[in-house]
Amino acid sequence: MKKIAIMGAMPEEVAPILKKIGTYKTTEYAGNKYYEATYNGVELVVAYSKIGKVFSTLTATTMIEHFSCEVLLFSGVAGGINPELKIGDLIVATKLSQHDLDITVFGHPMGYVPEGSVFVETDKDLLALSKEVADELGKNVIEGVIATGDQFVHDEKVKANIVKHFNADALEMEGGSVAVVCNALNIPFFILRAISDTADTDASFSFDEFMESSAIISAEFIMKMVDKVISK
Ligand code: ADE
């Protein structure tokens, strides 16, 4: 069975996962803590990266290259764009982009750099497994585009611009970079987010109020994904 990485960005995003796992070994590496455990006979490595594309790149790379993880599951919160997404709702990324990657002055589309791509697609098998999990839990999980950037979005105009360029359903600050890493290193990956706010003028208040409860909703689903991956 493959060694599974479970990542979040903030402590609150991995705390419910560590609680469920119970006992684990803590290793410090490159300024982060990595929690190693055997769970139902499978090796897991859990970590939160800290916020943003750079830290999440470091952590995803470390989990794969240093801890030898062979599949990566990300759990956390996001700002909703798709009006169907309410606080606490789950979105699974079908593909991700970097909404703040901008060399458009040279004639390239937003999110594109030469030899890269605007979108990185997630693993189809993990998507199919998440449908099974959602059905079993009787949960409505939206599949869609997630846009990632190094900013907490709290402005309708910024949101509208992200929709214009990427037709995104949700936005956050790590998924797109984790996607680039996993894609480059050939690691199947899955990005799950529960909505904490709707990236509007009230976003920071909503985030403060709902981040923890939404992180728990996402973590509970991710642990069902782990069970599902193990059972296959
Ligand atoms: N994660 C959760 N809400 C967010 C927002 N509004 N902007 C960026 N990342 C987020």
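The values are calculated or read from the model by the stated rules, or taken from the named source; none is laboratory data. None of the values given here were measured: they were computed from a predicted structure. FYI the Cβ positions are ideal-geometry reconstructions off the backbone, even for glycines, and counts take in every protein chain you see.
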List every residue pair whose Cβ atoms sit under 8 Å apart, with the two residues 6 or more apart in sequence or on different chains, where the first one lies in the stretch 187-209 and is among the β-branched types (Val, Ile, Thr) and the second, anywhere, is in a helix (DSSP H, G or I) and more than 11 Å from the ligand (Cβ to nearest atom). Ile187/Ile64; Ile187/Val181; Ile191/Val178; Ile191/Ala179; Thr201/Glu156
Lys50 is checked against (1) of a type in the set (D, E, K, R); (2) crowded, with 20+ Cβ neighbours inside 10 Å; (3) assigned to a loop (DSSP other than H, G, I, E, B) and fails just one. What number does that condition carry? (2)
Just need a number here: residues in the stretch 161-184 that are outside any strand (DSSP E or B), out of contact with any Phe, Trp or Tyr (no Cβ under 6 Å at 6 or more places or on another chain), under 22 Å from Gly52 (Cβ atoms) and not β-branched (Val, Ile, Thr). 13
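When you check Glu12 against the structure, is it surrounded by fewer than 21 Cβ atoms within 10 Å (Cβ to Cβ) and outside any strand (DSSP E or B), yes or no? I'd like the intermediate steps shown before the answer.
Numbers: surrounded by fewer than 21 Cβ atoms within 10 Å (Cβ to Cβ): yes; outside any strand (DSSP E or B): yes.
Answer is yes for this residue.
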Of the conditions (1) under 21 Å from Lys20 (Cα atoms); (2) away from the ligand (no atom under 16 Å from the Cβ); (3) modelled with pLDDT of 95 or more, the single one that Ile217 does not satisfy is (2)
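Find the residue count for the stretch 198-220, including only residues that are under 28 Å from Asn40 (Cβ atoms) and surrounded by fewer than 21 Cβ atoms within 10 Å (Cβ to Cβ).
Step one: filter the stretch 198-220 for residues under 28 Å from Asn40 (Cβ atoms), giving 212-220.
Imposing the further condition that a residue be surrounded by fewer than 21 Cβ atoms within 10 Å (Cβ to Cβ) reduces the set to 212-213, 216, 220.
Number of matching residues: 4.
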Among the numbered criteria (1) in contact with a Lys or Arg (Cβ under 8 Å, 6 or more places away or on another chain); (2) more than 10 Å from the ligand (Cβ to nearest atom); (3) not acidic (Asp, Glu), which single criterion is violated by Leu192? (1)
